[in-house]
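Quick note: the coordinates plus some simple rules give every number you see, no bench work behind them. Since we're looking at a predicted model, the values are computed, not measured. We place every Cβ from the backbone using ideal geometry, glycine too, and count neighbours over all the protein chains shown.
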Amino acid sequence: FTLVAFMNINYQLILPLLSAFSFAWLLGLIVPGAPGGVGVFEATIIALLNPQFFPPAIVLSSVVIFRLISILAEVLAAGLAVLMPKAKY
């Protein structure tokens with residue numbers, strides 16, 4: 001979790017965090033018109049996490065870093081796929 005990089009996570013907060021992340025990811029997956037769930041995922045997870053336990057600025061920073069890591073991973077995988085030789089059958 002990128003959120004752990006910014007704050008200590010209490011064991012009691014893991015279930016709400018996982019629930020919010022899972023729901024936000026699923027909602028971003030099924031909403032049409034949002035490529036990769038961009039915007040839907042971020043807005044949902046920020047809305048679901050209680051600001052008393054998860055400061056919005058830290059959540060937003062974590063979500064942005066998570067999105068950047070996800071995009072970089074996809075770009076890297078696509079680049080490797082382009083560079084790999086094609087199999088001949």
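Using per-residue counts of other Cβ atoms within 10 Å, averaged over each peptide, order 75-82, 11-18 from highest down. Don't skip to the end; give the middle numbers.
On the way: 75-82: 9.2, 11-18: 11.9.
Peptide ranking by packing, descending: 11-18, 75-82.
So how far apart, in nm, are the two label points at ILE69 and GLN12 if each is 7 Å from Cα heading toward Cβ?
Placing both labels 7 Å beyond Cα along the Cβ direction yields 2.6 nm.
Grab the DSSP H runs of the chain that are 4 residues or longer, score each as -39,500 (n - 2.57), total them, divide by all residues and round the 222 nm result to the nearest 500 deg cm²/dmol.
Values: 3 runs with 54 residues, N = 89.
Taking each H run of at least 4 residues, the total per residue is -20500 deg cm²/dmol.
Please list the three semi-axes, largest first and in whole Å, of the ellipsoid equivalent to the chain, using sqrt of 5 times the eigenvalues of its alpha carbon gyration tensor.
Working: eigenvalues 190, 48, 26 Å².
Semi-axis lengths for the chain are 31, 15, 11 Å.
Can you list the HN-Hα couplings for region 63-77, worked out from phi with the Karplus curve (6.51, -1.76, 1.60; θ = phi - 60°), rounded to whole Hz and with x for Gly and Pro?
5, 5, 5, 4, 5, 5, 5, 4, 5, 4, 5, 5, 5, 4, 5
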